[in-house]
Amino acid sequence: MKRKNKTSLIDRSSDILRGNEGASIVLVTIIAVIIITCIVILRVSLSTVMANSAKQYNQDQAYIMANSMGATIDSLIQDKTLVLTNYNDVNGTTILTDTPSEIPNASIEAKVKPSGSGYIVTVEANVASATYIYTAYYSRAGNSNNFMRQLL
């Protein structure tokens with residue numbers, strides 16, 4: 001007859017559980033609770049990561065929309081297609097409002113208002129709950145009707 005090695009933890013645990021049914025039920029219950037807790041933690045973590053990625057995606061879209069519109073307005077000002085001196089409302093004149101059909105829950109608005117010796121162009125893009133505001137300051141270049149973009 002082969003003698004069992006009683007020094008290993010697994011062998012001692014199995015001997016205890018064979019002789020005591022209550023302890024084995026408690027052990028199985030504890031293991032089940034640990035597994036269920038791990039599943040809940042993973043589910044909550046995954047939901048949080050997915051929500052954050054959706055929010056970041058909306059922020060990125062708002063940033064791209066505002067910067068693209070700002071660059072377009074800048075080129076229109078440099079080409080003198082958009083004349084800033086036509087907009088003298090101190091509260092700001094809305095020069096563009098759009099709701100792109102390609103992006104759900106999105107809107108963009110561009111305003112021009114005088115500020116000191118120049119003009120401030122503000123483009124506000126909203127995508128779902130994310131908002132990005134692009135701001136550019138233009139000052140008169142010399143005595144002409146040319147405007148140059150200045151850093152704020």
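The values are calculated or read from the model by the stated rules, or taken from the named source; none is laboratory data. Note that the structure is predicted; figures quoted are calculated from it, not measured. Quick reminder, even Gly has a Cβ in these numbers, built from the backbone with ideal geometry, and neighbours come from all protein chains shown.
Remarks
- Residues of region 65-89 that are under 22 Å from Tyr132 (Cα atoms) and touching a residue at least 24 places away in the same chain (Cβ under 8 Å): Met65, Ala66, Asn67, Met69, Gly70, Ile73, Asp74, Ile77.
- Single unsatisfied condition, Met65 versus (1) surrounded by 14 or more Cβ atoms within 10 Å (Cβ to Cβ); (2) more than 24 Å from the chain's Cα centre (by Cα); (3) modelled with pLDDT of 90 or more: (2)
- Sole residue being of a type outside the set (Asp, Glu) and under 30 Å from Ser139 (Cβ atoms), chosen from Leu9, Leu96, Leu46, Leu17: Leu96
- Any hit, region 37-58, residues being surrounded by 10 or more Cβ atoms within 10 Å (Cβ to Cβ), under 30 Å from Ile120 (Cβ atoms), of a type in the set (S, T, N, Q) and within 28 Å of the chain's Cα centre (by Cα): yes
- Close Cβ contacts (under 9 Å, 6 or more residues apart or on different chains) running from residues in region 10-38 that are at pLDDT below 90 to residues that are surrounded by fewer than 10 Cβ atoms within 10 Å (Cβ to Cβ) and not charged (D, E, K, R) comprise Asp11/Asn5.
- Residue count for region 121-145, restricted to those that are more than 30 Å from Asn52 (Cβ to Cβ) and either free of Cβ contacts under 8 Å to residues at least 24 places away in the same chain or in contact with a His (Cβ under 7 Å, 6 or more places away or on another chain) (or both): 7.
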